[in-house]
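The values are calculated or read from the model by the stated rules, or taken from the named source; none is laboratory data. Since the structure is predicted, the reported quantities are computational estimates derived from the model, not experimental observations. Every residue, glycine as well, gets a Cβ built from its backbone with ideal geometry; the counts of neighbours run over all protein chains shown. Just so you know, the surface numbers come from the protein's heavy atoms only, side chains and all, with ligands and any DNA or RNA stripped out. Shrake-Rupley method; radii C 1.70, N 1.55, O 1.52, S 1.80 Å.
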Amino acid sequence: MDCLCAKSKGVRMILCSNPKAQYLTYKSEIDAAISQALDKGWYILGEEVKAFEEEFANYIGVSNGVGVGSGTEAIHLALASCGIGPGDEVITVSHTAVATVAAIKLAGAMPVLVDIEPDSFTLDPNKLEVAITPRTKAVLPVHLYGQPADMDLILEIALRHNLRVIEDCAQAHGARYKGKRVGSLGDMGCFSFYPTKNLGAIGDGGMVVTDNPELAEKARLLREYGWAERYVSHFHGWNTRLDEIQAAILRVKLRHLDEDNSKRVCLAEIYNRELNTTNLILPKQREDSTHVYHLYVIRSSKRDELLTFLKERGIGASIHYPVPVHRQPAYTRLDDGRSLAETERAAKKVLSLPMYPELSETEVYSIIKAVKEFVL
């Protein structure tokens, strides 16, 4: 749902995420940007996309950005740019949006799933090396819920085994790991601009970022049929382009991203302070990193009952994610018997409370009151 307030049995709902509220916050700027893009009359790979690619790459701290049609396509494009395809293996996690694994399959490679760390929900580097085989070509860590993965050890292992590192940053726009923004740590970083993201379009969109000029050039060719010049394909590419209108919208929102992330952090601090006395397991922040709280995820042994309780009181909590990828019908063949105990445990207990910059403190305290009513 994208409405400001929905009703459930006559109850005014507090949504889990609310992209329309952000549009209304920056409505005059966004409307002006859309109008300007329309007036230019160039709607695919024009001035707006070029400017946004440069601005976003600069924000991340790299030299190249390549705008694409979605976050899924960003990962697909990054893998293909690195020459990864049929017969290759890519190590990632099962506790993620299915898009992460779907993109690996789109590239023709085989996903190999390893377990997560219990506190951060991100790839456990201690489970990484044992999963590497002669066919392994890349590691794809996911910076989940707004928190960076443990990149130092991941990068160290990848370097030792000559593996590419492609970051899935779809939920962590602006997060930092030891002073560097996610997306600038590996060979390539992949972002989604789905409307609910910290930096969200009003439609689909994505971007690949990199400091490697050769990978950037390959990505630019692949995103549009492998064209170096129009109608002449130098590679077997495809069509995945960020459009001018979405780029114009994202340029507006990028100017406000750090401020909006700060609002998320402030709301998370209220949740942390007020729920600290309950038996819930609250989010933990990795040392020397920043958390941008794309989602505020708690854990409860009575998660399903709590979810029902909150929804009955007009609070749109949600689960990210209830079914690990390896348990989904399309991907059961990826279950190779490797222990994914923390992944399984998380899927049974995680619950996302409402989190977005326009969420008021009054609403947060209403959510907290309801949660305490259930758990205390």
Original post:
Can you name the residue in the range 75-103 that is part of a loop (DSSP other than H, G, I, E, B) and of a type in the set (A, V, I, L, M, F, W, C) and is also surrounded by the fewest Cβ atoms within 10 Å (Cβ to Cβ) among such residues?
Top reply: Ala97
**OP:** Collect the residues in the range 183-214 that are aromatic (Phe, Trp, Tyr) and part of a loop (DSSP other than H, G, I, E, B), keeping them in residue-number order.
**Re:** Phe193, Tyr194
Subject >> Given (1) in a helix (DSSP H, G or I); (2) open to solvent by less than 30 Å² (accessible area, probe 1.4 Å); (3) within 26 Å of Pro213 (Cα to Cα), index of the condition Thr72 fails >> reply: (2)
Original post:
Any idea which of (1) in contact (Cβ under 8 Å) with a residue 60 or more places away in the chain; (2) in contact with a helix residue (DSSP H, G or I) (Cβ under 9 Å, 6 or more places away or on another chain); (3) open to solvent by 10 Å² or more (accessible area, probe 1.4 Å); (4) hydrophobic (A, V, I, L, M, F, W, C) is the one Val297 doesn't satisfy?
Top reply: (3)
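A quick yes/no check of all residues on (1) under 19 Å from Leu77 (Cα atoms); (2) without any contact (Cβ under 8 Å) to a residue 40 or more places away in the chain; (3) in contact with a Pro (Cβ under 9 Å, 6 or more places away or on another chain); (4) open to solvent by 80 Å² or more (accessible area, probe 1.4 Å):
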site	(1), (2), (3), (4)
Gly200	no, no, yes, no
Thr210	yes, no, no, no
Glu214	yes, yes, no, yes
Lys218	yes, no, no, no
Leu221	yes, yes, no, no
Arg241	yes, no, no, no
Arg251	no, no, no, no
Glu287	no, yes, no, yes
Thr290	no, no, yes, no
Subject >> Conditions (1) open to solvent by 70 Å² or more (accessible area, probe 1.4 Å); (2) on the phi > 0 side of the Ramachandran plot; number of the one not met by Arg327 >> reply: (2)
Original post:
Which residue out of Glu55, Glu29 is under 18 Å from Gly189 (Cβ atoms), of a type in the set (D, E, K, R) and part of a helix (DSSP H, G or I)?
Top reply: Glu55
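Does the range 366-373 include one or more residues that are small (Gly, Ala, Ser) and loosely packed, with under 14 Cβ neighbours inside 10 Å?
no
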**OP:** Please find, within the range 125-163, the residue that is surrounded by the most Cβ atoms within 10 Å (Cβ to Cβ) out of those that are in contact with a helix residue (DSSP H, G or I) (Cβ under 7 Å, 6 or more places away or on another chain) and among the charged types (D, E, K, R).
**Re:** Asp150
**OP:** Mind listing whichever residues of the range 40-66 are of a type in the set (Phe, Trp, Tyr) and open to solvent by 70 Å² or more (accessible area, probe 1.4 Å)?
**Re:** Trp42, Tyr43
Subject >> Residue list for the range 253-285, filter: part of a helix (DSSP H, G or I), closer than 26 Å to Gly65 by Cα and open to solvent by less than 50 Å² (accessible area, probe 1.4 Å) >> reply: Lys253, Leu254, Leu257, Asp260, Asn261, Arg264
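To keep it simple, each residue is scored yes or no on (1) of a type in the set (S, T, N, Q); (2) at pLDDT 95 or above; (3) more than 30 Å from Gly108 (Cα to Cα).
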position: Arg220; (1), (2), (3): no, yes, no
position: Glu259; (1), (2), (3): no, yes, yes
position: Ala268; (1), (2), (3): no, yes, yes
position: Leu275; (1), (2), (3): no, yes, yes
position: Glu287; (1), (2), (3): no, no, yes
position: Leu306; (1), (2), (3): no, yes, yes
Original post:
Which number in (1) touching a helix residue (DSSP H, G or I) at 6+ places or on another chain (Cβ under 6 Å); (2) of a type in the set (A, V, I, L, M); (3) open to solvent by 10 Å² or more (accessible area, probe 1.4 Å); (4) not in a loop (DSSP other than H, G, I, E, B) marks the one condition that Ile166 misses?
Top reply: (3)
Original post:
Of the residues that make up the range 35-47, is at least one of a type in the set (Val, Ile, Thr) and under 18 Å from Leu199 (Cβ atoms)?
Top reply: no
